[in-house]
Amino acid sequence: MAQDFVSELKSGKEIIAGWCGIPNGLMVEALLNAGYQTVTLDMQHGFHDISSVLTCVASAKMMGQRLIVRIPVGEWGTASRALDMGAAAVIAPMINTVDDAQAFAAAMKFPPVGGRSWGPGRAMLVSGQRDPNTYLSSANDNTLAIAMIETREALDNLDAILAVPGIDGIFVGPSDMSVTFSDGEEINQFGDRSVGVIEEIATRTIAAGKIPCIFAILPKHLKLARSFGYQLCALSTDSGVIARGAAELLSEIDD
């Protein structure tokens, strides 16, 4: 059984996550087997739905791992359902205001922190906990609510969002940042117009005692993000990994 990535993040360790948009448990198994320490199931821009999340969480459980789910914008009920199915963390996109952050935290945390509804039968089975009171007492600490910061409004409200009880971390999408801070002119991960903002978000998140998280397509960008202090770094996507591996194999034919 691998050590839980949630406790590792809380102890200050760095974690590399896979990113899965293809709704198939075999893809999750392949990414975990390759060495990723967890995988994010993308319901926002990927093709996962409730059924595939349930299947993939089970696939990860078989390998002694827990998963992350990125929900569609504003779907707080889906955040709670992802936890009930056994997800360890949820990323919520477009958290622009304190109200957004409070609604997200309320769906993710049991009282007194939030207002998550009780119904974690599957989550208890996945976690191996049989006693409901034991699960209740530990669930808030053993799951992560990660707010995604993507806009100028969100950046302006960052300190207030970080102060919301139940928000455990901040997630940055560098492509979104490049669109925002180029006023829609370009996609340029870690480009000149956004890299300073990316570093600033890490600094402010760490100062608030929360977990800084980010996506990177290239290993050089992941290394740069780590130099800024980012702990949870998602590297590439499932389709990107397949395309890169296929291209490398095909290139060897002509060597």
Checklist entry - When each pair of different Cα atoms in segment 110-255 is counted once in the 1/r mean, what is the Kirkwood radius in angstroms, to one decimal? => result 17.7 Å
Next on the checklist: Given a 1.4 Å probe and heavy atoms of the protein chains only, how would you sort H45, H221, largest accessible area at the top?
Outcome noted: H45, H221
Checklist entry - Around A234, which amide H atoms from residues at least 5 apart in sequence, or from another chain, sit under 5 Å from its own amide H, with H modelled in the peptide plane? => result A17, I214, F215, A216
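Counting pairs of Cα atoms in segment 135-191, how many percent are more than 16 Å apart?
53 percent
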Next on the checklist: Relative contact order of segment 1-82, please, whole-number percent, based on alpha carbon pairs below 8 angstrom and at least 6 residues apart.
Outcome noted: 31 percent
Checklist outcome for this item: Regression test value, accessible area per residue of segment 11-133, probe 1.4 Å, units Å², expected 42 Å²
Next on the checklist: Run through segment 152-242 and list the GluC sites (Glu not before Pro) located in a DSSP loop whose Cβ has at most 16 other Cβ atoms within 10 Å.
Outcome noted: E185, E186
Item to check | Set of lysines near K220 by C-alpha distance (under 27 Å), chain-local residues within fewer than 8 positions excluded | outcome: K10, K13, K210
Item to check | Longest site-free stretch - the chain; sites: trypsin sites (Lys or Arg not before Pro), DSSP loop, at most 13 other Cβ within 10 Å | outcome: 131-255
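Taking the Cβ of E185 as the center, what net charge do the other residues with Cβ under 13 Å away carry, scoring Lys and Arg +1 and Asp and Glu -1?
Residues near E185 contribute -2 overall.
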Item to check | Approximate spin-label separation E14-R193, in nm, with each point projected 7 Å along Cα-to-Cβ | outcome: 2.9 nm
Item to check | For R116, distant residues with modelled amide H under 5 Å away | outcome: K109, F110
Checklist entry - Based on the Kirkwood radius over alpha-carbon pairs, what value in µm²/s does the Stokes-Einstein equation return for the translational diffusion coefficient of the chain at 25 °C and 0.890 mPa s? => result 134 µm²/s
Item to check | Potential extension, S251-N133 segment - 0.36 nm per residue separation minus Cα distance | outcome: 36.9 nm
Checklist entry - How high is the relative contact order of the chain, in percent, with contacts defined as C-alpha pairs under 8 Å that are six or more residues apart? => result 18 percent
Next on the checklist: How many angstrom lie between the Cα centre of segment 180-254 and the Cα centre of segment 1-69?
Outcome noted: 18 Å
Checklist entry - How compact and how long is segment 82-123, expressed as Rg and Dmax of its alpha-carbon atoms in Å? => result 10.9, 32
Item to check | Accessible area in the full protein assembly, largest first, 1.4 Å probe, for D176, D49 | outcome: D49, D176
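Hey, any idea what Rg/Rh is for segment 212-255, computing Rh the Kirkwood way over Cα pairs? Write out the running numbers ahead of the final one.
Numbers: Rg = 13.5 Å, Rh = 11.6 Å.
Ratio of gyration radius to Kirkwood radius for segment 212-255: 1.16.
For G121, what charge total do you get from the other residues with a beta carbon under 15 Å from its beta carbon, if Lys and Arg give +1 and Asp and Glu give -1?
Neighbour charge sum, excluding G121 itself: +3.
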Next on the checklist: Can you give the FRET efficiency to the nearest 0.05 for S182 and I206, using r as the Cβ-Cβ distance and R₀ = 22 Å?
Outcome noted: 0.25
Checklist entry - Which percent of the accessible area of the chain is formed by carbon and sulfur heavy atoms (probe 1.4 angstrom)? => result 55 percent
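Using a 1.4 angstrom probe on the protein heavy atoms only, could you order W19, W76 from most to least accessible area?
W76, W19
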Checklist outcome for this item: Rounded to one decimal in nm, the spacing of the 7 Å Cα→Cβ label points at E153 and S117 is 2.7 nm
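Considering only the chain, what is the antiparallel percent among its DSSP beta bridges, to the nearest 5?
Percentage antiparallel, nearest 5: 0.
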Checklist entry - With a sphere of radius 14 Å drawn around the Cβ of A58, what net charge do the other residues whose Cβ falls strictly inside it have (Lys, Arg +1; Asp, Glu -1)? => result +1
Item to check | Karplus (6.51, -1.76, 1.60) ³J(HN,Hα), θ = phi - 60°, over segment 5-19, in Hz, Gly and Pro reported as x | outcome: 5, 5, 5, 5, 4, 5, 8, x, 7, 9, 10, 9, 10, x, 9
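The values are calculated or read from the model by the stated rules, or taken from the named source; none is laboratory data. Everything quoted here is computed from the prediction, not taken from an experiment. Using ideal geometry, Cβ is built from the backbone for each residue, glycine included, and neighbour counts are taken over all protein chains shown. Note: areas computed on protein heavy atoms with side chains; ligands, DNA, RNA excluded. Shrake-Rupley method; radii C 1.70, N 1.55, O 1.52, S 1.80 Å.
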